[in-house]
1. Would you mind finding the one in ASP131, ASP61 that is among the acidic types (Asp, Glu), modelled with pLDDT of 95 or more and closer than 18 Å to TYR26 by Cβ?
2. Which residues, counting only those in the range 105-136, are in contact (Cβ under 8 Å) with a residue 12 or more places away in the chain, surrounded by fewer than 16 Cβ atoms within 10 Å (Cβ to Cβ) and either within 11 Å of the chain's Cα centre (by Cα) or not in a loop (DSSP other than H, G, I, E, B) (or both)?
3. For the range 16-104, list the helices (runs of 4 or more DSSP H) that sit wholly inside it and hold at least 2 residues that are out of contact with any strand residue (DSSP E or B) (no Cβ under 6 Å at 6 or more places or on another chain), open to solvent by less than 20 Å² (accessible area, probe 1.4 Å) and not small (Gly, Ala, Ser); which are they?
Amino acid sequence: NFMNLITSSDDESSLLVQSYYTNTAYRGQLKNVDVSATQGNSICGDSITVYLQVQDGTVTDYRYDGEASPITAAAAAFLGEFIIGEQIRTILTWDGEWIKNEGFEVSHKRRRSSISALLAAKNALHQYLQDGIQEGYEELL
């Protein structure tokens, strides 16, 4: 049962996760990708890849795919609603608190899953910028 996978005590948050998990608007690969990155989560075995198109310092398109838990996939879909049209310099300031403050809140033990796509996107943007930075879960939590 999907709802048993959600560990948040808040029913409204659980419904939000469920609605994003079933949302396929950003699922799949992009053609003409400028940069992509894959993020694994050794705790739950997830692996998610994000694909970005970038123009003039702004993300113009975003997709994700991979072997991901429902929370990781839902968070990746949630991220799609914010990342498209946003400037790189702003995205690089986002962290686990940002995603929680925007309304995607899960239990403490599932927080890594909620930021895997964001971490992959940030590392893809660091790769795009060729700035030599590789962030980890610790920087976002």
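The values are calculated or read from the model by the stated rules, or taken from the named source; none is laboratory data. Not measured: the values here are computed from a predicted model. Here Cβ is always computed from backbone atoms with ideal geometry, including for glycine, and neighbour counts include all displayed protein chains. Remember, those area values only see protein heavy atoms, side chains included, never the ligands or the DNA or RNA. Shrake-Rupley method; radii C 1.70, N 1.55, O 1.52, S 1.80 Å.
1. The conditions single out ASP61.
2. Within the range 105-136, LYS109, LEU129 qualify.
3. In the range 16-104, the matching helices (runs of 4 or more DSSP H) lie at 70-83, 88-91.
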